[in-house]
Structures are given as structure tokens and as C-alpha cells.
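Notes follow the structure.
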Amino acid sequence: MSPTGEDGMTRRVEAVDWSVYLVTDSRCGEGRPLLQVVEAALRGGIGVVQYREKQAATRTMVREAEALRELCEAYGASFFVNDRIDVALAVDAHGVHLGQDDMPVPMARRLLGPERIIGVTVHNAEEIRRAQAQGADVLSIAPVFATSTKPDHQTPLGIQGLRKLAGLCERPVVAIAGITLENAADVIRAGVDGVCVVSAVMAAPDPETAARELRRRVEEARAARMG
């Protein structure tokens, strides 16, 4: 049985490879099957896959999420579901990711139990404080840059804004929005544990190569930051 309690959760969170975190978007796959794109990305070294699907029927979501979880397990990656706690429970996902308009963390924890990881998107110092106080396990700072996948995002933080917020985080922290091969190293140098990407991998002509190169740049930047 998996360890429970705070120590057990800490070990589970620390076991996750946050370096390159893929958020799926079926609109970005250039017409390719979702599973094909994600498996290619996993071959390239993706550590986390978050299934984000806002339009599909629940039955379709469960089918896709279950297939993605199995893929992630085969490659040793972690699998999260965006927002839909029911889908996460149905397919035995490792955790969920919640936005500021989604279910509050304490309610989500009551449904998910102590075993699953809860991630939360944060945009400012107050949201970071609240998420940590409520027991979020990982924070996703957004938006770092402007992005076409979420054009209604808040004003981009930029690298300096990201660095300021990352310094407030007492949990593992990743960054999302507009992250590419060209700026991933700067993002890591700002103090986060990993980069969340969507189109940089999902829309890449070769998702495996894109994921591998992202991982290389992230690891090099982290090594340089750690001295």
C-alpha cells in the first residue's frame, strides 16, 4: 500500500519529474491522433502529461484519459487530469490540476483522498499563499508569456515577474504559457522546477524531437542555476 499522510505525499510529489510537463490540446495536434502525439512526446522524455479537454463528452474523456494513463505508466511518467475530478478518479490518475475557477482545493482533497496530487494554477502572490495554505501539492505559475492556446490569459508576467513569484513558492513549481525551445532555459533560470508546454510539443512537426530538445535545455539550465 502507498504511504499516506504528509510524509507519504511529500515522497510522491518529490518522485514526479517536473522538468517538462505536457498539457494536451487536441486542437494543436495538426490532425494527428492524440495518443500518437503524446506517445512521441513521452519517448522524448516528458515527465508529466496533463489531459486537458474542454469539449468532449465524458465517455470520450474517460476513454482517452485511460489510454493516456496507460501510456504514461509504460514510460514512467505521471498522469494528471485537468479540472475533472470524476474523470481522474475513474481512470486512477496520479492527480488533478485545478484553475482558479475550478473546485477549491479543500473540496477536491475530500473527494480525491490523501493519495493523489493536486496542482493549482496561480497568477499572483495572494493565490500562491492561498493555494499553499489549502494544501496544494504543486503550483503552476501563469502566464509567463502571451500564448495562442489561451488568448484570454491575464497580462504576461515575463521573466522578472516569474522570478518574483517563484521565490514565494514552498512547493514544487512549474511555469506555463508561451514557453518554447527558445525561452525555456530563461524560464528555468528564473527558479522554477519545470516548464509546462502545449503547442511547443503538441504542434511540433516531430513531437519526440521537440520534447527531447526541451528536456536537454531544461536540464542544462537547471544544472547551471544549481552551480
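The values are calculated or read from the model by the stated rules, or taken from the named source; none is laboratory data. Keep in mind that what you see is a predicted model, and the values were worked out from it rather than measured. When we count neighbours, we look across all protein chains shown, and the Cβ atoms used for this are built from the backbone with ideal geometry, even at glycine.
Mind checking which residues of region 214-227 are out of contact with any helix residue (DSSP H, G or I) (no Cβ under 8 Å at 6 or more places or on another chain) and touching a residue at least 40 places away in the same chain (Cβ under 8 Å)? Quick ask: steps written out before the conclusion?
Applying the first criterion (out of contact with any helix residue (DSSP H, G or I) (no Cβ under 8 Å at 6 or more places or on another chain)) to region 214-227 yields 215-216, 219, 223, 226-227.
Selection gives ARG215, GLU219.
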Legend entry - region 110-148: number of residues that are β-branched (Val, Ile, Thr) and either modelled with pLDDT under 95 or in contact with a Pro (Cβ under 6 Å, 6 or more places away or on another chain) (or both): 2
Inset, instruction - Given the conditions (1) assigned to a helix (DSSP H, G or I); (2) crowded, with 20+ Cβ neighbours inside 10 Å; (3) in contact (Cβ under 8 Å) with a residue 60 or more places away in the chain, report the number of the one that CYS196 does not fulfil. - result: (1)
Inset, instruction - Return yes when ALA131 is in a helix (DSSP H, G or I), aliphatic (A, V, I, L, M), in contact with a strand residue (DSSP E or B) (Cβ under 7 Å, 6 or more places away or on another chain) and under 18 Å from GLY95 (Cα atoms) and no when it is not. - result: yes
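Taking only region 51-104 into account, find how many residues are small (Gly, Ala, Ser), surrounded by fewer than 20 Cβ atoms within 10 Å (Cβ to Cβ) and over 22 Å from LEU139 (Cβ atoms). Walk me through how you get there before you give the answer.
Pass one, region 51-104, residues small (Gly, Ala, Ser): 56-57, 65, 67, 74, 76-78, 88, 90, 93, 95, 99.
Filter once more, keeping what is surrounded by fewer than 20 Cβ atoms within 10 Å (Cβ to Cβ): 56-57, 67, 74, 76, 90, 99.
Going one step further and asking which of them are over 22 Å from LEU139 (Cβ atoms), we end up with 56-57, 67, 74, 76, 90.
Here the count works out to 6.
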Inset, instruction - Given the conditions (1) touching a residue at least 24 places away in the same chain (Cβ under 8 Å); (2) exposed (fewer than 14 other Cβ atoms within 10 Å of the Cβ), report the number of the one that ALA142 does not fulfil. - result: (2)
Inset, instruction - Starting from region 25-45, keep only residues that are within 20 Å of GLY76 (Cβ to Cβ), then list their pairs with residues that are assigned to a helix (DSSP H, G or I) and basic (Lys, Arg) whose Cβ atoms are within a distance under 6 Å, requiring at least 6 positions of separation or different chains. - result: GLY44/ARG212; GLY45/ARG212; GLY45/ARG215
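Yes/no matrix, rows are residues, columns are (1) within 13 Å of the chain's Cα centre (by Cα); (2) part of a loop (DSSP other than H, G, I, E, B):
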residue	(1), (2)
ASP102	no, yes
PRO106	no, no
ARG109	no, no
GLU115	no, yes
ILE118	yes, no
THR121	yes, no
GLU127	no, no
GLY135	no, yes
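What number of residues in region 1-24 are closer than 19 Å to VAL81 by Cβ, within 17 Å of the chain's Cα centre (by Cα) and in contact (Cβ under 8 Å) with a residue 60 or more places away in the chain? It would help to see each step written out before you state the result.
Restricting attention to region 1-24, the residues satisfying the condition of being closer than 19 Å to VAL81 by Cβ are 2, 9, 12-13, 15-18, 20-24.
Add one more test, that the residue is within 17 Å of the chain's Cα centre (by Cα), and what stays is 12-13, 15-18, 20-24.
Next, only the ones that are in contact (Cβ under 8 Å) with a residue 60 or more places away in the chain stay: 12-13, 16-18, 20-24.
The number of residues fulfilling the criteria is 10.
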Inset, instruction - Could you tell me which of the residues ALA88, ALA93 is under 15 Å from the mean Cα position of the chain (by Cα), under 26 Å from LEU68 (Cβ atoms) and in a loop (DSSP other than H, G, I, E, B)? - result: ALA93
Legend entry - Neighbours by Cβ (under 9 Å, 6+ apart or cross-chain): first from region 50-76, on the phi > 0 side of the Ramachandran plot; second surrounded by fewer than 17 Cβ atoms within 10 Å (Cβ to Cβ): GLY76/ASP17
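Just wondering, is there one or more residues in region 15-28 that are farther than 24 Å from PRO143 by Cα and out of contact with any Gly (no Cβ under 6 Å at 6 or more places or on another chain)? Break it down stepwise before answering.
Just the residues of region 15-28 that are farther than 24 Å from PRO143 by Cα, to begin with: 15.
Now restrict to residues that are out of contact with any Gly (no Cβ under 6 Å at 6 or more places or on another chain): 15.
Within region 15-28, one or more residues are farther than 24 Å from PRO143 by Cα and out of contact with any Gly (no Cβ under 6 Å at 6 or more places or on another chain).
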